[in-house]
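Reading through the structure tokens given below for one structure.
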Amino acid sequence: MFDKVARMIPSADPAQLSRGMGLAMIGTLILPGMDALAKLVAESGAMSPGQLTFMRFAIQAGVSFLALLVTGGIAALGARHFSMNFLRGTLLGLASLFFFIAVKYMPLADAIAVFFVEPLLLTLLSWLVLKEQFGWRRWAAIVVGFCGAVLVIQPSYEVFGPVSLLPLLTALLFAVYLVLNRIAGRSDGVMVMQYVAGLGGMAVCALALVFGEVTGIGDLQVAFPASGQIWLMVFAMGMIGVIGHYLVVHAIRLVPASLIAPFQYLEIVSAAGLGLLIFGDFPTPSKWLGIAIIVGSGLFVFWREQRSD
């Protein structure tokens, strides 16, 4: 299979393609584990989603800091575009915060399915902000994809209310984060970008926690559980996030992003499996239809990226 793909890509190495796609597959399959652990801890009441999000970025910043220090010393900690990477981190922090609040109340697969309107939002933002041009087929894919999202959201909204819209807000913030990636370019290494983004995520989550303590919002408050099992789950959650994102970023360095992007949808499969095994949740037929429409629309957009309208 990889030989056929390699012939379609100039200077492509089948072994490199195999390695890159394998890393992307592993990364996307394990990432819902982070969300499942966050859901378990948040539902137990041991930690709020706000504190869990802070811990997720603290672990990312800490692991990246140590890796940079070991491999390059103090000099490796300097980012050429610190402010842009910090801003990226704040956007990612807000996106993660909204998503962790959503999965506390919603089935995991539902939340991830709604989030995957993100490629469609990215296409729309690329038109609005970056002035990229595309034709009616991609516009149609965006409209159809949002119809799929409505199929997933509608029954969830009846049960969970406005919280069911949070994955949609997460998708919008993540799409803006990716637009900033395109504007900033790739002047810094992956690890230093992870480190600075971790600091940005910590900063915005710290402000959210202060706001939660002042206003009494339970989902944004701080607790210090005595259970070692809870802290172990939180650490595992953070490490899955660090490893999963690192694998996906490394995969993008090995093969074209257009080949990696469709693997994102494996997260829905993994999330549905974890939701069934851990929480006893399984999407209804109408939600599976919505998921199929979202995935199909997203894959169509990726395919059109390789062709002229």
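The values are calculated or read from the model by the stated rules, or taken from the named source; none is laboratory data. None of the values given here were measured: they were computed from a predicted structure. Cβ: placed from backbone, ideal geometry, glycine included. Neighbour counts: every protein chain shown. Accessible surface areas use protein heavy atoms only, side chains included; no ligands, DNA or RNA. Shrake-Rupley method; radii C 1.70, N 1.55, O 1.52, S 1.80 Å.
Please tell me if G273 is closer than 28 Å to L120 by Cα and either at pLDDT below 85 or open to solvent by less than 50 Å² (accessible area, probe 1.4 Å) (or both). Let's see the steps before the verdict.
Numbers: closer than 28 Å to L120 by Cα: yes; either at pLDDT below 85 or open to solvent by less than 50 Å² (accessible area, probe 1.4 Å) (or both): yes.
Here the answer is yes, as G273 does meet what is asked.
For the stretch 46-94, give me each residue that is outside any helix (DSSP H, G or I), more than 16 Å from L178 (Cα to Cα) and in contact (Cβ under 8 Å) with a residue 12 or more places away in the chain.
Taking the stretch 46-94 and keeping what is outside any helix (DSSP H, G or I), we get 46-48, 73, 78-81.
Next, from what is left, pick out any that are more than 16 Å from L178 (Cα to Cα): 46-48, 73, 78-80.
Answer for the stretch 46-94, where residues must be outside any helix (DSSP H, G or I), more than 16 Å from L178 (Cα to Cα) and in contact (Cβ under 8 Å) with a residue 12 or more places away in the chain: A46, M47, S48, G78, A79, R80.
Looking at I59, is it at negative phi and either among the acidic types (D, E) or out of contact with any helix residue (DSSP H, G or I) (no Cβ under 8 Å at 6 or more places or on another chain) (or both)?
On the way: at negative phi: yes; either among the acidic types (D, E) or out of contact with any helix residue (DSSP H, G or I) (no Cβ under 8 Å at 6 or more places or on another chain) (or both): no.
For I59, the condition - at negative phi and either among the acidic types (D, E) or out of contact with any helix residue (DSSP H, G or I) (no Cβ under 8 Å at 6 or more places or on another chain) (or both) - is not met.
Let's see how each residue does on (1) more than 25 Å from G27 (Cβ to Cβ); (2) open to solvent by 30 Å² or more (accessible area, probe 1.4 Å); (3) out of contact with any Asp or Glu (no Cβ under 9 Å at 6 or more places or on another chain); (4) modelled with pLDDT of 90 or more:
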residue	(1), (2), (3), (4)
V196	no, no, no, yes
L199	no, yes, yes, yes
T215	yes, yes, yes, yes
R253	no, yes, yes, no
A261	no, no, no, no
L266	no, yes, yes, no
L289	yes, yes, yes, no
Filtering the stretch 292-309 for residues that are buried (at least 18 other Cβ atoms within 10 Å of the Cβ) and modelled with pLDDT of 80 or more leaves a count of 1
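Among residues belonging to the stretch 37-53 that are hydroxyl-bearing (S, T, Y) and within 20 Å of A226 (Cβ to Cβ), point out the one that is surrounded by the fewest Cβ atoms within 10 Å (Cβ to Cβ). It would help to see each step written out before you state the result.
The first filter runs over the stretch 37-53 and keeps only residues hydroxyl-bearing (S, T, Y), leaving 44, 48, 53.
Now narrow it down to the ones that are within 20 Å of A226 (Cβ to Cβ): 44, 48.
Values: S44: 13, S48: 24.
The extreme case among them is S44.
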Determine, yes or no, whether V222 is of a type outside the set (S, T, Y), closer than 19 Å to F98 by Cβ and surrounded by fewer than 21 Cβ atoms within 10 Å (Cβ to Cβ).
-> yes
The condition of being of a type in the set (D, E, K, R) and either open to solvent by less than 10 Å² (accessible area, probe 1.4 Å) or within 27 Å of I294 (Cβ to Cβ) (or both) holds, among R19, R56, only for R56
Among residues belonging to the stretch 139-165 that are open to solvent by 30 Å² or more (accessible area, probe 1.4 Å) and of a type in the set (A, V, I, L, M), point out the one that is farthest from V117 (Cα to Cα).
-> V159
